[in-house]
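The values are calculated or read from the model by the stated rules, or taken from the named source; none is laboratory data. Keep in mind that this is a model prediction, so the values were computed, not measured. Here the Cβ is made from the backbone with ideal geometry for all residues, glycine too, and neighbour counts use every protein chain on show. Accessible surface is based on the protein model in full, side chains and every heavy atom, while ligands, DNA and RNA are left aside. Shrake-Rupley method; radii C 1.70, N 1.55, O 1.52, S 1.80 Å.
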Amino acid sequence: MKTGEKRGAVTEDGNIAQWLFEQENELTRSGNIILGKVEDIVPGMEAAFVNIGAERNGFLYRNELIGYLPYREDEDQGKAPSVSSLLTKGQTIVVQVTKEETGNKGVRLTENISLPGKYIVYMPHANYVAVSKKMKSGEVREKWRSFGKTALKDQEGMIIRTVAESAEEGAVLEELGRLRDQHEEMMQKTKEVSPPYLLFDQSSLIYRVHRDLFTDGKTEVITDDYQAYQSLLKWSVDDARERLQLYQGKEDLFDAFGLVQQLDKSLKKHVWLKNGGFLIVESTEAMTVIDVNTGKYTGKGSLRETVLKTNTDAAYAVAEQLRLRDIGGIVIIDFIDMKQEEDKAVVLKALKKGTSADPGLTNIAGFTHFGLVEMTRKKVRKPLEELLTEPCEVCSGTGRLRTVKSGAAELERGILELKNTEDEAVLVEVSPRLLKEMLGNGNVSRLHKLEGSSGKKLFLLPSTELQGKFPYYIIRMLGSREKIKNVWLERK
């Protein structure tokens, strides 16, 4: 069912491994390529602010400019051009989002754009060839490096992915040609439009599913979005189509697979371990802190064995939660205190093993002097908490609530489930903020779109009692259009 929010889940061995979300009008998603306009240049920071159509201007460092690439490895920085000599205020520029907006920090941008495919990542201006270190044979890596140098033109660059190890050169050349054409089409588009303009939404949920998951030859995809289904069919080879299924049940897809409750659990601070211990996950703008507790687990052996067992289980759970919640940046883990170095080594080994399957780049520094584990995970997109919740107005920001956009998507799903009923109209009580979100400021509001999709006339009643109570609405009555309108006018 189409709503203003697309959502998905990646399952591995029956467990949720990753949540996927895409909300309406999100220009600033990681990977998006945008025609922007330079709003301001800050010589003291060697950076510029670029208008990309978002609430905040994007931040572009000098070393992310194409004109600066030849100087990146130059030890004599005195020869390097200043940002003022590379950019002018008011200039239009093609940029790509490398890091999404988080907290008070705007998006990070680069002019050195990249277009990822199944076998390669194509970079029109990078002027180098890199080959995945995960390829088993050094000889094979050298073969692909030579191939890349021969296949590229002018200042082009590419990264050859691990999956290309057993691929035919013809298939990789075909992909290079497609990505090259894609880039040329975008550059042609810049001559026809004015900034800010989204040239390519390569981080859309369905595009990411195809690029990162569906091309592995074994992942199965179930979708209830017919347009997404058609896109995957179009992009896929014949044998992959057998792994694609269009869900046509009346029940919401997440409800049908029992995912709603699991999503709610992924937003809670407490995470219970199977042995009775638990984690407390708390995020700040600077870092995420994870505390490990024995909880109900007492163990059957010595205190040392109980602590080691809890910490080892917690290490795997931490790895799962980092990916599940898409937590990035600095992560501090407060394991239960261990005296023996060999026990610490066991826990670190478990943590490294747990994060080995994470597509996000992780770096585990180890135990600090104070017995804390310090690690990082590359921050690319907004974490799940920031995407689906917002600071609570009621408690002055000390807690968090689900976003009004998420509430609007829930309302859309709820109304669409009534699509096949005989009732003409629906009376819905909504929080004031949800009412504002549904009415919107555009020519066609979310309310009108939903009425068109559901075939129902919707009468919304604002209710301050629903403020702060997710999903911020209650369906009060269904019936004929005349009946619901009369009730609505009485209560308005």
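For L173, which of the numbered conditions (1) over 30 Å from G90 (Cα atoms); (2) open to solvent by less than 60 Å² (accessible area, probe 1.4 Å) fails to hold?
For L173, the failing item is (2).
Picking from R208, R161, which residue would you name as being modelled with pLDDT under 90 and in contact with a Phe, Trp or Tyr (Cβ under 8 Å, 6 or more places away or on another chain)?
After applying the criteria, what remains is R161.
Would a scan of segment 409-416 turn up a residue that is open to solvent by 60 Å² or more (accessible area, probe 1.4 Å) and either of a type in the set (K, R) or in contact with a helix residue (DSSP H, G or I) (Cβ under 8 Å, 6 or more places away or on another chain) (or both)?
No, the conditions are met nowhere in segment 409-416.
Can you spot a residue in segment 389-410 that is closer than 28 Å to K483 by Cα, of a type in the set (D, E, K, R), in contact with a Leu (Cβ under 9 Å, 6 or more places away or on another chain) and at pLDDT 90 or above?
There is no residue in segment 389-410 that is closer than 28 Å to K483 by Cα, of a type in the set (D, E, K, R), in contact with a Leu (Cβ under 9 Å, 6 or more places away or on another chain) and at pLDDT 90 or above.
So which residues in segment 260-288 are open to solvent by 60 Å² or more (accessible area, probe 1.4 Å), within 22 Å of D337 (Cβ to Cβ) and not in a loop (DSSP other than H, G, I, E, B)?
H270, W272, E282, M287
From the residues in segment 177-210 that are in a helix (DSSP H, G or I) and in contact with a helix residue (DSSP H, G or I) (Cβ under 6 Å, 6 or more places away or on another chain), which one is nearest to P359 (Cα to Cα)?
If we take residues in segment 177-210 being in a helix (DSSP H, G or I) and in contact with a helix residue (DSSP H, G or I) (Cβ under 6 Å, 6 or more places away or on another chain), then H210 is nearest to P359 (Cα to Cα).
For (1) aliphatic (A, V, I, L, M); (2) under 18 Å from the mean Cα position of the chain (by Cα), each residue gets a yes or a no:
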{"position": "D334", "(1), (2)": "no, no"}
{"position": "D337", "(1), (2)": "no, no"}
{"position": "V347", "(1), (2)": "yes, no"}
{"position": "K353", "(1), (2)": "no, no"}
{"position": "F370", "(1), (2)": "no, no"}
{"position": "K378", "(1), (2)": "no, yes"}
{"position": "L384", "(1), (2)": "yes, yes"}
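Exposed (fewer than 15 other Cβ atoms within 10 Å of the Cβ) and either among the basic types (K, R) or in contact (Cβ under 8 Å) with a residue 24 or more places away in the chain (or both): which single residue out of D291, D337, D343 fits that description?
On inspection, the qualifying residue turns out to be D337.
When residues of segment 44-58 are filtered for being open to solvent by less than 30 Å² (accessible area, probe 1.4 Å) and either out of contact with any helix residue (DSSP H, G or I) (no Cβ under 8 Å at 6 or more places or on another chain) or closer than 25 Å to L387 by Cβ (or both), how many remain?
Residues that pass the stated criteria total 3.
Report yes if R400 is in contact with a Cys (Cβ under 9 Å, 6 or more places away or on another chain), surrounded by 13 or more Cβ atoms within 10 Å (Cβ to Cβ) and under 21 Å from L263 (Cα atoms), otherwise no.
Here the answer is yes, as R400 does meet what is asked.
What are the residue pairs meeting all of these: first residue in segment 435-446, first residue hydroxyl-bearing (S, T, Y), second residue at pLDDT 85 or above, Cβ atoms under 6 Å, and 6 or more apart or on different chains?
That search, which allows pairs on different chains as well, returns S445/L439.
Exactly one of these conditions fails for I41: (1) surrounded by fewer than 18 Cβ atoms within 10 Å (Cβ to Cβ); (2) in contact with a helix residue (DSSP H, G or I) (Cβ under 9 Å, 6 or more places away or on another chain); (3) under 30 Å from G90 (Cβ atoms); (4) of a type outside the set (S, T, N, Q). Give me its number.
The number of the failed condition is (1).
Only residues that are open to solvent by 50 Å² or more (accessible area, probe 1.4 Å), aliphatic (A, V, I, L, M) and within 30 Å of G90 (Cβ to Cβ): list them for segment 185-226, please.
M187, L198, listed by residue number.
In segment 60-104, which residue that is open to solvent by less than 70 Å² (accessible area, probe 1.4 Å) and over 25 Å from Q155 (Cα atoms) is modelled with the highest pLDDT?
Ranking the qualifying residues of segment 60-104, first place goes to G90.
When the residues of segment 476-492 are filtered to those that are in contact with an Asp or Glu (Cβ under 8 Å, 6 or more places away or on another chain) and open to solvent by 30 Å² or more (accessible area, probe 1.4 Å), which remaining residue is nearest to D264 (Cα to Cα)?
Going through the qualifying residues, I end up with R476.
Determine if segment 301-321 includes at least one residue that is surrounded by 17 or more Cβ atoms within 10 Å (Cβ to Cβ) and in a loop (DSSP other than H, G, I, E, B).
no
For segment 228-245, state whether one or more residues are open to solvent by 40 Å² or more (accessible area, probe 1.4 Å), of a type outside the set (S, T, Y), outside any helix (DSSP H, G or I) and in contact with a strand residue (DSSP E or B) (Cβ under 9 Å, 6 or more places away or on another chain).
Yes, segment 228-245 contains a residue that is open to solvent by 40 Å² or more (accessible area, probe 1.4 Å), of a type outside the set (S, T, Y), outside any helix (DSSP H, G or I) and in contact with a strand residue (DSSP E or B) (Cβ under 9 Å, 6 or more places away or on another chain).
So, in segment 346-363, how many residues would count as being surrounded by fewer than 18 Cβ atoms within 10 Å (Cβ to Cβ) and in contact with a Leu (Cβ under 8 Å, 6 or more places away or on another chain)?
3
For segment 1-51, which positions are among the acidic types (D, E), at pLDDT below 90 and not in a loop (DSSP other than H, G, I, E, B)?
Scanning segment 1-51 gives E5, E12, E22.
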